[in-house]
Amino acid sequence: MTIMVTGGAGYIGSHTVRQLRQRGDSVVVLDSLEFGNRDAIADTPLVVGDIADSHLVTDTVLDHDVESIIHFAAYKAPGESFENPGRYFENNVAGTAALLETAHRNGVKHVVFSSTCAVYGTPDRTPVGEDAPIQPESPYGESKALVERILHWYDVCHGRRSVSLRYFNAAGAAMDGSVGEDWRVTLNLVPVAMKALLGAGPQLRIFGTDYPTPDGTAIRDYIHVDDLADAHLKALDYLSSGGATTAFNLGTGTGSSVREVLAAAERAAGQAVPALEAPRRPGDPVALWADNTRARELLGWNPRYGLDDIVTSAYQWHKITS
């Protein structure tokens with residue numbers, strides 16, 4: 001049986017494909033290559049196309065004997081989602097609904113879904129657990145929350161079980177230096193900081209310095225991409241062993257401010273990140289970090305890397321590839 005990875009040529013997807021293949025799983029990638037990179041998945045079979053193309057998805061599932069799907073393919077910039085919400089609802093929600101229906105009709109048993117901590121908005125307390133209210137503050141977060149509800153009903157109606165993995169802030173590069181993030185197609189803090197640090201982009205903008213936090217900047221839970229990839233394998237194993245449809249937080253359980261991330265970058269590079277202060281962005285919570293107890297207990301997942309590991313691996317990757 002084969003695992004189909006949608007968006008598998010993207011950042012987190014390519015790290016997950018690499019780990020799946022390292023443990024001997026059969027994998028096929030479905031990716032539009034709008035943001036993906038063919039080279040990031042080496043010789044893994046690749047089908048280029050759209051998740052909403054039912055004929056293409058059907059052919060891929062049947063040709064490769066697909067049993068499970070890891071679904072990464074989505075747009076993921078909260079700020080952009082305010083500017084063009086329809087793009088997010090069409091791709092992230094309608095596209096996923098089409099994918100799930102086609103997968104169901106063709107007998108796919110399990111889905112591991114790339115969700116986000118953005119479904120929580122600004123939580124009432126931190127660390128935030130999976131039982132916190134779902135109250136997204138951006139169309140992006142709303143699109144992920146809607147897909148989680150769709151997955152719930154596919155289980156209720158059809159018995160198609162799934163795991164939604166609510167990522168906190170993915171960052172870093174593979175610890176062996178084999179693959180990393182393409183800073184040309186991301187607005188995430190760490191690669192943007194690397195771009196400024198290595199002189200390949202403008203000064204980094206610190207969005208908001210007046211938050212009610214110790215240093216005035218927003219706090220997030222940064223999780224190494226290798227740890228995230230590992231969680232997807234464990235989520236597949238959980239479903240294969242009969243685990244129920246559910247959601248898990250994927251974070252380290254530790255919050256770091258923007259300024260703390262920049263300090264880690266300075267330690268890695270031996271120089272400060274060129275930065276300037278800017279107003280807050282809409283849809284950015286003040287502070288958000290994970291209670292990851294359920295993932296530890298039910299998946300047997302334990303993040304191995306901390307902030308300095310994350311930033312140093314990113315710096316080494318971008319220094320070599322820039």
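Test VAL147 against the stated conditions and say whether it is crowded, with 22+ Cβ neighbours inside 10 Å and free of Cβ contacts under 8 Å to residues at least 60 places away in the same chain.
yes
Looking across segment 61-93, just one residue is within 9 Å of SER143 (Cβ to Cβ), in a loop (DSSP other than H, G, I, E, B) and of a type outside the set (Ser, Thr, Tyr), and that is ALA74.
Taking into account only those residues within segment 201-236 that are surrounded by 19 or more Cβ atoms within 10 Å (Cβ to Cβ) and of a type in the set (Gly, Ala, Ser), which is nearest to VAL112 (Cα to Cα)? The qualifying residue nearest to VAL112 (Cα to Cα) is ALA235. Among the criteria (1) under 23 Å from SER241 (Cβ atoms); (2) of a type in the set (A, V, I, L, M); (3) part of a helix (DSSP H, G or I), the one ILE3 does not fulfil is (3). The selection criterion, being surrounded by 14 or more Cβ atoms within 10 Å (Cβ to Cβ) and free of Cβ contacts under 8 Å to residues at least 60 places away in the same chain, holds for ILE51. Screening segment 166-273 for strands (runs of 3 or more DSSP E) wholly inside it with 2 or more residues that are under 29 Å from ASP39 (Cβ atoms) and in contact (Cβ under 8 Å) with a residue 24 or more places away in the chain returns the ranges 169-171, 222-224. In summary, THR126 fulfils each of the numbered conditions (1) surrounded by fewer than 24 Cβ atoms within 10 Å (Cβ to Cβ); (2) of a type outside the set (Asp, Glu); (3) farther than 19 Å from TYR222 by Cα with the single exception of condition (3). Please name all residue pairs, on different chains or six or more residues apart, with Cβ atoms under 6 Å, provided the first residue is in segment 292-320 and is touching a residue at least 40 places away in the same chain (Cβ under 8 Å) and part of a helix (DSSP H, G or I) and the second residue is crowded, with 18+ Cβ neighbours inside 10 Å and of a type in the set (Phe, Trp, Tyr). Once the first residue is touching a residue at least 40 places away in the same chain (Cβ under 8 Å) and part of a helix (DSSP H, G or I) and sits in segment 292-320, its partners that are crowded, with 18+ Cβ neighbours inside 10 Å and of a type in the set (Phe, Trp, Tyr) give ARG294/PHE248; ALA295/PHE248; ALA295/TRP301; LEU299/TYR238; LEU307/TYR222; ILE310/TYR222. Just one of the listed residues (LEU30, LEU100, LEU46) is touching a residue at least 60 places away in the same chain (Cβ under 8 Å) and aliphatic (A, V, I, L, M), namely LEU100. Restricting attention to segment 271-286, does a residue exist that is buried (at least 23 other Cβ atoms within 10 Å of the Cβ) and of a type in the set (Gly, Ala, Ser)? No, segment 271-286 has no match at all. ALA290 falls short of the stated requirement of being crowded, with 21+ Cβ neighbours inside 10 Å, modelled with pLDDT of 95 or more and in the same structural domain as GLY8 (by TED's automatic domain parsing).
Conditions (1) modelled with pLDDT under 95; (2) in contact with a Phe, Trp or Tyr (Cβ under 7 Å, 6 or more places away or on another chain); (3) farther than 30 Å from THR213 by Cα; (4) in the same structural domain as LEU189 (by TED's automatic domain parsing), marked per residue:
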{"residue": "VAL61", "(1), (2), (3), (4)": "no, no, yes, no"}
{"residue": "VAL66", "(1), (2), (3), (4)": "no, no, yes, no"}
{"residue": "LYS76", "(1), (2), (3), (4)": "yes, yes, no, no"}
{"residue": "ALA94", "(1), (2), (3), (4)": "no, no, yes, no"}
{"residue": "ALA97", "(1), (2), (3), (4)": "no, no, yes, no"}
{"residue": "THR102", "(1), (2), (3), (4)": "no, no, yes, no"}
{"residue": "THR126", "(1), (2), (3), (4)": "yes, yes, no, no"}
{"residue": "GLU137", "(1), (2), (3), (4)": "yes, no, no, no"}
{"residue": "VAL163", "(1), (2), (3), (4)": "no, yes, yes, no"}
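The set of residues in segment 136-165 that are assigned to a loop (DSSP other than H, G, I, E, B) and under 19 Å from the mean Cα position of the chain (by Cα) comprises PRO136, GLU137, SER138.
Entry remark, segment 30-59: residues being under 30 Å from TRP183 (Cα atoms) and not in a loop (DSSP other than H, G, I, E, B) number 11 in total. Note on segment 99-123: residues that are surrounded by fewer than 18 Cβ atoms within 10 Å (Cβ to Cβ) and either at positive phi or hydrophobic (A, V, I, L, M, F, W, C) (or both) total 1.
Okay, residues lined up against (1) touching a helix residue (DSSP H, G or I) at 6+ places or on another chain (Cβ under 9 Å); (2) within 21 Å of TYR140 (Cβ to Cβ):
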position: GLY251; (1), (2): yes, yes
position: SER256; (1), (2): yes, no
position: ALA269; (1), (2): yes, no
position: PRO274; (1), (2): yes, no
position: ALA278; (1), (2): no, yes
position: ASP291; (1), (2): no, no
position: TYR305; (1), (2): yes, no
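The values are calculated or read from the model by the stated rules, or taken from the named source; none is laboratory data. Predicted, not measured: the structure shown is a model, and the values here were computed from it. Counting neighbours? That spans all protein chains shown, and the Cβs are built from the backbone with ideal geometry, glycine included.
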